[in-house]
Amino acid sequence: MVVNSQFLDTDAIRKDFPILQRTVHGDKPLVYLDNAATSQSPQQVIDSIVEYYSLHNANVHRGIHVLAEEATALYEGARDKVAAFINAGAREEVVFTKNSSEALNLVANVLGWAEAPYGIRPGDEIVISEMEHHSNIVPWQLTAERIGAKLRWFGITDEGRLDLSNVNELINERTKVVSLVHVSNILGTVNPVETIVKRAHEVGALVVLDASQSAPHLPLDVQALGADFVAFTGHKMLGPTGVGVLWGRRDLLEELPPFLGGGEMIQTVTMEKSTYAGLPHKYEAGTPPISEVIALGTAVDYLNGIGMDKVAAHEHAITEYALGRLQDVEGLRIIGPATNEDRGAAISFVLGDIHPHDVGQVLDEHGIAVRVGHHCARPVCVRFGIPATTRASFYLYSTPAEVDALIVGLDQVKRFFGV
Amino acid sequence: MAAEHREGREVSTEMQLESMYQEIILDHYRHPHHKGLREPFASQVHHVNPTCGDEVTMRVDLKGDVISDISYESQGCSISQASASVMADLLIGKSVEQAREVQETFLRLMQSKLDGPEFAEEHEEVLEDAVAFAGVAKYPGRVKCALLSWMAWKDATAQALDDTESGVKA
């Protein structure tokens, strides 16, 4: 029995998550360790979707009937909740997107289209890192190719940390934008945002932060972080799929051109030309994911009810325990920081020569859900000379007993494949 | 949890698993046949499964109408590795026409979902050792692993035949 005062009361928390009560493959309790891919939703979040469609369903910002006004109030109320959750300077700085990928594509595109001084021009440099999710690589490759800009990147150290040895050369006066993952989805590394922001702003570059793996797990203060844009997604923080968030500095969002055109994002339309709505609607063309946004607001309420500092402490304690137990498994090699400093709750590993697909399949038969593959971060696998990893990732409802179940499962895997 | 209970669960779990991980699959995975690229060859292809990163480089050689050699280099899970090994065992020495029948039957086996075991039994004469993959069909996520080398073989053979017909030396 592990006793650690940092642990949350998971018995109580787990009662809120109906999916955690189910069994899989017959009678096996679900051990859900794939939270970096998507998190589960508490009943409160599920209820808010049901309640919206049962009572308030209407399009937002249009019409003057009761339902339209209720839907709009709920939708904009969720924006206030999200803005407060990340300590945005103003609610207009919170733009709802489809997911993190769309938020990052938005920034990569409008910076490509923008006039001076923000527009990326031929010969300008864009800096990312080798540990980015594909969603923070491909949009920049597309922009760089289209414009003739140069894409550069930070390497990764053997310990799975960002290689800062050439930071001052990499981020230089030609750098227009630095787009970096806050917490790596595959390595679990928490990156030194302060150092990067300081150097980037020194040379006049903008900083984009992919907070997909940090917003759900750590107290996030966008003003304190100092980045210019921050992207994250709802379904990794107890919310539904289909909604993401882009936070951007108000002066930048005001100056940059729109991304998608359509209803809602305009002020006046003539056949020749349109003028655009103010923030945040300028970046929200078309009917938004209304119920999803409202449910994300409920997820934020839930997280606030527990306290993000407590969520972070719980996950830190679980990660500490898991790192210790995993490192006792013979033949297991952790890909990413093996210590708990500046580390998130996603742990990737390889187990001898057993392919991660086989590891995941046997674990699944025992009711343990992990992710296997390259985790949409293939360059990391290439960097470490492995085809794929197995990843266990934890959240506020994860327990030490689930870590124990994983360890037992890994023993079964080894026995099964005769290692 | 009672030890008996745990024991009981373990047995049923392993039985279920073994319907996919047949002993024959595990044997081929541990000791793959025909692995390693060889000369001569009429064509070579490289196939990748982008969802899991499994890769195979496949060479096919023909003597007239007969598959005279299949050699490959690959990396991937036990299912994809064993599948390449079993396939090479089965197809080397067969005529292109016979081999295609095996390939098409194997593809249908992989598309048979829960009916895999019945289908495999019906077509055991054609599938031979490849019947061991019947249990894979019910795992949609693993069907592509089993098919990777078969699709590469199909592609390589088509190229080899094209080259033969157009008189181009591979």
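None of the figures in this text is laboratory data; all of them are computed from the coordinates on show. Predicted model only: the values in this text are computed from it and were never measured. Methodologically, a virtual Cβ is constructed for each residue, glycine included, from the backbone with ideal geometry; neighbour enumeration extends over all protein chains shown.
In whole angstrom, how far apart do the alpha carbon centroids of region B:39-116 and region A:350-419 sit?
What the calculation gives is 28 Å, centre to centre.
Between residue B:125 and residue A:80, how high is the FRET efficiency from 1/(1 + (r/R0)^6) when r is the Cβ-Cβ distance and R₀ = 60 Å? Nearest 0.05.
0.30
On full extension of the chain, what length is gained from residue A:12 through residue A:166, given 0.36 nm per residue of separation minus the C-alpha to C-alpha distance?
50.7 nm is the gain from fully extending residue A:12 to residue A:166.
Between residue B:48 and residue B:75, what length comes free when the chain is fully extended (0.36 nm per residue of separation minus the Cα-Cα distance, one decimal in nm)?
Gain on stretching residue B:48 to residue B:75: 8.7 nm.
Using a/c under 1.5 as the rounded threshold, could you call region B:59-128 rounded, prolate or oblate? The axes a ≥ b ≥ c are square roots of the C-alpha gyration tensor eigenvalues, and prolate needs a/b larger than b/c, oblate otherwise.
Because a/c hits 1.5 or more and a/b fails to exceed b/c, region B:59-128 counts as oblate.
In region A:46-304, what % of DSSP beta bridges are antiparallel (nearest 5)?
Counting DSSP beta bridges with both partners in region A:46-304, the antiparallel share is about 45 percent.
Does chain B classify as rounded, prolate or oblate by the C-alpha gyration tensor (a ≥ b ≥ c root eigenvalues; a/c under 1.5 gives rounded; else a/b over b/c gives prolate, otherwise oblate)?
Note, shape of chain B comes out prolate.
Under 14 Å from a point 7 Å along the Cα-to-Cβ line of residue A:221: which residues of region A:277-301 have their amide N that close?
Answer for region A:277-301: none.
Which peptide among A:410-418, A:277-285 comes first, and what is the full order, when sorted by highest mean count of other Cβ atoms within 10 Å?
Descending packing order for the listed peptides: A:277-285, A:410-418.
With axes computed from alpha carbons, what is the tilt in degrees of helix B:96-110 against the longest principal axis of chain B, rounded to the nearest 10 within 0 to 90?
That works out to roughly 30 degrees.
For chain A, modelled as a GNM with alpha-carbon contacts under 10 angstrom, which of A:309, A:301, A:27 fluctuates the most?
A:27
Take the alpha carbon gyration tensor of the protein assembly as shown, find the square roots of its eigenvalues, order them as a ≥ b ≥ c, and report rounded if a/c is under 1.5; if not, report prolate when a/b exceeds b/c, else oblate.
It is prolate, given that a/c is not under 1.5 and a/b is the larger ratio.
Of A:98/A:198; A:236/A:310; B:35/B:113; A:414/B:138, which sit over 25 Å apart, Cα to Cα?
Cα-Cα > 25 Å for A:98/A:198; B:35/B:113; rest within.
If you stretched the chain out fully between residue A:251 and residue A:70, how much longer would it get, using 0.36 nm times the residue separation minus the C-alpha to C-alpha distance?
Contour length minus Cα-Cα distance gives 62.1 nm.
Can you return the aspartates and glutamates within cross-link range of residue A:150? Criterion is Cα-Cα under 16 Å, with same-chain partners fewer than 8 residues away left out.
Candidates past the 8-residue exclusion: A:124, A:125, A:130, A:169, A:173.
Cross-link partners among aspartates and glutamates for residue A:81, C-alpha distance below 16 Å, same-chain residues fewer than 8 apart left out?
Qualifying aspartates and glutamates at Cα under 16 Å: A:92, A:93, A:221, A:292, A:301.
Inside 10 Å of the C-beta atoms of A:358-367, what's the mean count of C-beta atoms belonging to other chains?
For this peptide, the per-residue mean of nearby foreign Cβ atoms is 5.
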